Amino acid sequence: MAVPDRKKILTAATNFAEIETRMKALALPVERGANIPPVLHFVFGLKQREHLPYYSKIAILSAMYHNPQWRVLFHYTHEPYGPHWDALKPRLTLNQVPTLDYVGNAPMRHYAHKADVLRLLALKHIGGAYLDIDTLTQKSFADLQKFQFVMSQQRHLPGQPGGLCNAIMLGAPNSAFAKLWLQAAGHCRSKGKDWLYDFNALKFPAMLAYENPQPLTLLNSPAFF
């Protein structure tokens, strides 16, 4: 069994603390009568610097169109480039974060796992709605702001294991569900594209929801997918 690199773990711990500090600084007061603040979160550029695809531009614009008064936070490590990025950038609140090579003693070997953690940190410290950057929004999220944490069942083929998908989710700041979920991030054992690849993102939240149903509002799959 490989011994974790202590220097990398210490550096990652510093980066993790810095990310939390930056998230807290971006938090806004929650509106009266709501638990979830009007904030949209997108994550991109954790692997390398690359152009922002057209579909990502449309995804962000669709969320903004249906939620016109909501603030849009764009979290990234490597800033994207290209005409679609140039058009969107002035309309976004940017949050550049250091890389996450470890969470606790668990190495983050795939950029998707880093994104899994980053979106949970955003919902824990800021709250709002997180959307994958290939998601098209069709209506406002305003009717969900009264809840503490919102997810949807993932649509899956018959005979295949299902789960809850973290591609779209909403959370109030310091929600119990986000805190419990983040605690498991330090035990991630996936080495990349293996059988554990989506465990923390899909299967673990389903297990967590079964054991702790109160903090979570669970929607049927057509709601988000």
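The values are calculated or read from the model by the stated rules, or taken from the named source; none is laboratory data. Just so it is clear, the structure is predicted and the values come from calculations on it, not from any experiment. As a convention, Cβ positions derive from the backbone with ideal geometry for all residues, glycine included, and neighbour counts pool all protein chains shown. All accessible areas refer to the heavy atoms of the entire protein, side chains included, with ligands and DNA or RNA removed. Shrake-Rupley method; radii C 1.70, N 1.55, O 1.52, S 1.80 Å.
Where helices (runs of 4 or more DSSP H) fall wholly inside the stretch 38-154, the ranges with 2 or more residues that are open to solvent by 50 Å² or more (accessible area, probe 1.4 Å) and either of a type in the set (Lys, Arg) or touching a residue at least 40 places away in the same chain (Cβ under 8 Å) (or both) are 54-66. Of the candidates 151, 108, the single residue that is touching a strand residue (DSSP E or B) at 6+ places or on another chain (Cβ under 7 Å), closer than 26 Å to residue 213 by Cα and among the aliphatic types (A, V, I, L, M) is 151.
The set of residues from the stretch 174-204 being among the polar types (S, T, N, Q), surrounded by 15 or more Cβ atoms within 10 Å (Cβ to Cβ) and part of a helix (DSSP H, G or I) comprises just one member, 200.
Among the residues making up the stretch 212-222, a single one is touching a helix residue (DSSP H, G or I) at 6+ places or on another chain (Cβ under 9 Å), open to solvent by 60 Å² or more (accessible area, probe 1.4 Å) and either assigned to a helix (DSSP H, G or I) or polar (S, T, N, Q) (or both): 214.
Taking the listed residues 93, 21, 77, the one that is modelled with pLDDT of 95 or more, among the hydroxyl-bearing types (Ser, Thr, Tyr) and within 16 Å of residue 126 (Cβ to Cβ) is 93, with no other qualifying. Has the stretch 172-183 got any residue that is aliphatic (A, V, I, L, M) and either without any contact (Cβ under 8 Å) to a residue 12 or more places away in the chain or more than 19 Å from residue 127 (Cα to Cα) (or both)? Within the stretch 172-183, not a single residue is aliphatic (A, V, I, L, M) and either without any contact (Cβ under 8 Å) to a residue 12 or more places away in the chain or more than 19 Å from residue 127 (Cα to Cα) (or both).
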